[in-house]
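Just below is one structure, and these are the notes that go with it.
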Amino acid sequence: MPESLTEELLELNTRLLESIDQGDWNTYQELCDPALTAFEPESQGQLVEGMNFHRFYFFSKGSGAGNRNTTMCGPRVRVLGEVALITYVRLTQFLGPDGLPYTAATEETRIWQRQDKGWKHIHFHRSSPPRS
């Protein structure tokens, strides 16, 4: 796999995470397939389909948008034809209600698909790591 493809996919994923941190719905929507599917803590173990579930969080008061920073730790990219899998641990830094800085970790798998207009984010699975 060419190094440039890995870099392109990591840049797209970084843009996606930045759009979440900044509450930038337009960029998030641009990067995602309208039929996006997800398993995430907020979905309570249910498979979420489409964009409406995610849109709610972008437009909710107190979402913390603009007050967060994300780091992808140990990202791995695997391309399988027209589909790419990116796995990593995501560290999200934010200020809590008490004004102090906090960091949350989540384990993420994101799937991208090469479509007519470039790569689109089509599925993700996000979970909290086990506590030690």
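Where a number appears in this text, it was derived from the coordinates with a stated rule and is not lab data. Because the structure is predicted, anything quoted here is derived from the model rather than measured. Glycine gets a Cβ as well: all are built from the backbone with ideal geometry, and neighbour counts include every protein chain shown.
Largest GNM mean-square fluctuation across ASP116, ASP21, ASP98, computed for the chain with C-alpha springs under 10 Å, falls on ASP98. With both labels modelled 7 Å from their Cα along Cα-to-Cβ, the ALA35 to HIS125 distance reads 2.0 nm.
In the chain, helical runs assigned H by DSSP with n ≥ 4 each contribute -39500 (n - 2.57); averaged across all residues and rounded to the nearest 500, the mean residue ellipticity at 222 nm is -8000 deg cm²/dmol.
Sorted fewest first by neighbouring Cβ atoms within 10 angstrom, PHE39, PHE56 come out as PHE56, PHE39.
Of the options [x] 10.3; [y] 8.9; [z] 9.6, only one is mean projected area of the Cα convex hull in nm² as computed from these coordinates, and that is [y]. Taken along the Cα-to-beta-carbon direction at a fixed 7 Å, the label points for THR87 and CYS73 span 1.6 nm. Structure remark: mean-square fluctuation, Gaussian network model of the chain, C-alpha springs under 10 Å; the largest value among TYR88, TYR28, TYR102 belongs to TYR102. A simple count of charges around ALA35, restricted to other residues whose Cβ falls under 12 Å of its Cβ and scoring Lys, Arg +1 and Asp, Glu -1, yields -1.
Spin-label pair TYR57-THR109: with each label point 7 Å from Cα along the Cα-Cβ axis, the two points sit 1.8 nm from one another. Give the longest segment of the chain that steers clear of trypsin sites (Lys or Arg not before Pro) in DSSP loops with at most 14 neighbouring Cβ atoms within 10 Å, not counting the sites themselves. The longest such stretch corresponds to 1-60. The C-alpha atoms of the chain define a longest principal axis, and helix 3-22 lies at about 30 degrees to it. Given +1 at the Cβ of Lys and Arg, -1 at the Cβ of Asp and Glu and no other charges, the dipole of the chain around its Cα centre is 240 debye to the nearest 20. Across the options PHE94, TYR28, TRP119, the greatest Cα extent toward the positive end of the charge dipole of region 3-127 (unit charges at beta carbon of Lys, Arg, Asp, Glu) belongs to PHE94. Rounded to the nearest 20 debye, the dipole size of region 1-46 about its Cα centre is 160 debye, using +1 on the Cβ of Lys and Arg and -1 on the Cβ of Asp and Glu.
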